[in-house]
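First up is the structure itself, then whatever we jot down about it.
The values are calculated or read from the model by the stated rules, or taken from the named source; none is laboratory data. Because the structure is predicted, anything quoted here is derived from the model rather than measured. A quick note on method: Cβ atoms are made from the backbone with ideal geometry, for glycine too, and the neighbour counts reach across all protein chains shown.
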Amino acid sequence: MATPATLNLQLLAAAGDPSDVTTIALAGVIASAGLRPSEYRAPIAGLGVEEFAWLLESEFPFLEWDSHLALRAAQKKAPRPMSSLDEFSDLLALLWDHRAEDDTRSLWLACAVSTACMSANHLWQDMGLPSRHMLGDVLASHFPALHARNDGDMKWKKFFYKQLCDRAEVHACRAPSCTVCNDQSLCFGAEDGLPLAAMAPPAMALHA
Ligand code: SF4
């Protein structure tokens, strides 16, 4: 059984460009699958098996075939997100509606970010990233208008959910504005913590 850290390293070693922040983010979300709630343990929720296979071939062209097959099998057997059950599809739509380009990588990343949002830690941690700064870079690259809208440096998950509430015209906040809200410390502030790759429960079986 590979740990998230081991799987992350395997993927980055197999990457076409291991310094590319989008590739790093996709690797982190795939590697963190075993840390997510059971219904979101697909490597990247929301993608069909063939689309996921294309992602693996494009982003990690040097991945050993056994590992490729194991990840495809994990994607295939994972339950598909049900739009009526939670906010996954709403998050995906929010991100997709703010894409800079109609390209497959933006779709893959939108699915990856939405998948990681289903875990309970800071988003950068749940994406298996080494820092919050890198999360900002990857969001700015693919969803620049959404990234720019978070000009108060809100915590990213809080920011996305606030956008969903605003879109639905749901007024869940207890204050008329953030500046006079007693919950500011919950929504703003540093998203400090260690990368989750530092933790090492088993992720998923790989043969490499
Ligand atoms: S700080 Fe208060 S008003 Fe602003 S998003 Fe958070 S809960 Fe809502």
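Of all the residues that make up the range 121-172, how many are within 12 Å of the chain's Cα centre (by Cα) and of a type outside the set (Phe, Trp, Tyr)? Of the residues in that region, 12 qualify.
Does residue 47 satisfy being outside any loop (DSSP other than H, G, I, E, B) and either among the aliphatic types (A, V, I, L, M) or closer than 28 Å to residue 165 by Cα (or both)? So residue 47 does not fit the description; no. When the helices (runs of 4 or more DSSP H) confined to the range 50-137 are screened for residues that are of a type in the set (S, T, N, Q) and under 22 Å from residue 2 (Cα atoms), those reaching at least 2 such residues are found at 65-77.
Taken over the range 58-77, the criterion of being closer than 12 Å to residue 11 by Cβ and of a type in the set (D, E, K, R) is satisfied by 59, 64. With respect to the conditions (1) away from the ligand (no atom under 15 Å from the Cβ); (2) surrounded by 13 or more Cβ atoms within 10 Å (Cβ to Cβ); (3) at pLDDT below 90, residue 105 lacks only one, and its number is (3). Tallying residues that are within 30 Å of residue 22 (Cβ to Cβ), assigned to a loop (DSSP other than H, G, I, E, B) and either within 10 Å of the ligand (Cβ to nearest atom) or small (Gly, Ala, Ser) (or both) within the range 141-180 yields 2.
Here residue 191 qualifies as modelled with pLDDT of 85 or more, assigned to a loop (DSSP other than H, G, I, E, B) and either β-branched (Val, Ile, Thr) or within 16 Å of the ligand (Cβ to nearest atom) (or both).
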